[in-house]
Amino acid sequence: MPANSSEAHLTTDDRSEALDELARQLWPDPLVRRAGNFAELPTAGMLDEYIVAPSLARPRLVLPTNPRLASRVALAEGHGRPWRQRMKAMALAAALRSGLARKVIGDRLRIYRPADGETPPQSLDAHLCEVVGEPVALAFQVTRARANRKPVLRLMDSSGATVAFVKVGGNPLTAELVRGEAAALRRVSQSNLRHLLVPRVRSSHSWNQLELLVLEPLPIGHRSRQPTAPMVTRAAVELATSQGVTRGRLAASPYWRRTLSRVAELPRDQHVVRLESAIRAIEETHASLELPFGAWHGDWASWNYASRGGRLVVWDFERFDTEVPLGFDLCHLLAQEALPGADADFTLSTSRSWAEVEAALGPFDVSGRAARLVFMVYLVEISLRWIGDRQPEMGDGMAALARVLGWLDDSIRVLPGSEPPTR
């Protein structure tokens, strides 16, 4: 590592690059960031130090060096995961708690004073201590490339208890998502929710060119359970109707006008051309059909909710929106379960798959041609999101977009309202 370098790019692995990016956002210049084995890094001028687990070559967690705090984070990250991941989390937590981590996890991220000797700016850590009103340590996950990837910091007090989570928007897209989630949570929390529990906003503000959303922790952990399908459906219906429900023709709806404007703003490529073709087919055959419109979470998937005390605990409201066709969230859940790596047999040219769509939308009082239309419009919506966010350039994004556009093509082939062929 060059002596005057403010950061280290240790490998070309996606998560290693992500760690570099996140460190730049959280500890920007003129602070100096160095990563390496603890025995090889200098200590002079060091302001803070974090464990990188399991290694810099494969970073997954950035943890405080306090063994008790680090082990609590590692254990918490295993909650709700498949058993193999839970076992790995428990092993890591045990190693951190016993002190063995210094021998087996030697990689560190260290933050140093500015190289020119000037007074260092206030750190994000110090600012967040002021926001929550007590000393805290922070930890965060390093995730794979996504268009909306952003640091989500866990703040812990001296006992290791989590006192807050902080979402950090460091570019135009993620800053907009963080602001949008703050507004969405405030709006949803004002509804009289019986089946749904959402995070409470402690603070939402800009700081040092970052957009910060500070949330109270939700009551989930090792005692949380996987929710039942009826519980998920009840909560989805409650959220969808929480901001009121209107009815009208798709072609005349504010939602469809927004959709057409978004398509027109995209640079034309093969994906946009396919979308435009699908939209024309929908307008020619179904646009006069009347639909109910309401709200949706925007990323209704198993990794964004859990069950506690008979209610569905839901987080990550950054894609929340209103005046969308009722039932979008369960369309999203169905699609996510059938994307690459899941149900390879799901295709909208089969009666089985259309039956799944209609069953999912039945609780929203959407059936028949209306149910098919809602799912087709959902496919347009999610394709627009991914193209607009440049998601196909990220990881498996191209395969996912190709699959969704394929479903859209399948659905268009069985228009207008004809019975799809059986297998």
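Values quoted throughout were computed directly from the atomic coordinates according to the rules given, and no laboratory measurement underlies them. Every value quoted in this text rests on a predicted model; they were computed, and no experiment measured them. Positions of Cβ are backbone-derived with ideal geometry, glycine not excepted, and every protein chain shown enters the neighbour counts.
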Beyond 30 Å, the calculated P(r) of the chain holds a percent of Cα-Cα pairs equal to 48
Relative contact order for the chain: what is it in percent, counting Cα pairs under 8 Å that are at least 6 residues apart? 12
Under 8 Å for C-alpha pairs, at least 6 residues apart: give me the relative contact order for region 229-413, rounded to a whole percent. 24
Charges at C-beta only: +1 for Lys and Arg, -1 for Asp and Glu. How large is the resulting dipole of region 14-215 about its Cα centre, in Debye rounded to 20? 1100
Sort 297-303, 205-211, 232-238 for me by packing, meaning the mean count of neighbouring Cβ atoms within 10 Å per residue, highest on top. 232-238, 297-303, 205-211
As an exercise, take the mean of 1/r over every pair of distinct alpha carbons in region 127-269, invert it, and state the Kirkwood radius in angstroms. 18.1
Each label point is 7 Å from the Cα along the Cα-to-Cβ direction; what then is the distance between the points at Glu283 and Asp157, in nm? 5.8
Is there a quick way to get the dipole size of the chain? I mean about its Cα centre, with the Cβ of Lys and Arg at +1 and of Asp and Glu at -1; what is the value in debye to the nearest 20? 1200
Full extension from Asp389 to Ala359: what is 0.36 nm times the residue separation minus their Cα-Cα distance, to one decimal in nm? 7.7 nm
Sorted peptide list for 400-408, 378-386, criterion being average Cβ within 10 angstrom, highest first: 378-386, 400-408
Ala252/Glu276 FRET efficiency (R0 22 Å; Cβ-Cβ; nearest 0.05): 0.65
How high is the relative contact order of region 14-215, in percent, with contacts defined as C-alpha pairs under 8 Å that are six or more residues apart? 20
Could you give the angle, 0 to 90 degrees to the nearest 10, between helix 172-189's Cα long axis and the longest principal axis of the Cα atoms of the chain? 70
The chain: most fluctuating residue of Pro217, Pro325, Pro30 per GNM, C-alpha cutoff 10 Å: Pro30
Extension gain (nm, one decimal) between Arg262 and His79, 0.36 nm per residue minus Cα-Cα: 62.0 nm
How large is the helix-only mean residue ellipticity at 222 nm for the chain, computed as the sum of -39500 (n - 2.57) over DSSP H runs with n ≥ 4, divided by its residue count, in deg cm²/dmol to the nearest 500? -13000 deg cm²/dmol
Over the alpha-carbon set of region 14-215, work out the extent along each principal axis and list the three values in angstrom, largest first. 55, 46, 33
Signed unit charges on C-beta, dipole axis of region 112-198, positive-most listed residue Gly160, Pro120, Pro172: Pro172
If the convex hull of the alpha-carbon atoms of region 229-413 is projected onto planes in all directions, what is the mean projected area in square nanometres? 10.1
With angles folded into 0 to 90 degrees, how steeply does helix 397-413 sit against the dominant principal axis of the chain? Use alpha carbons for both and round to 10. 10
Stretch Arg68-Asn304 to full length: gain in nm at 0.36 nm per residue minus the Cα-Cα span? 82.2 nm
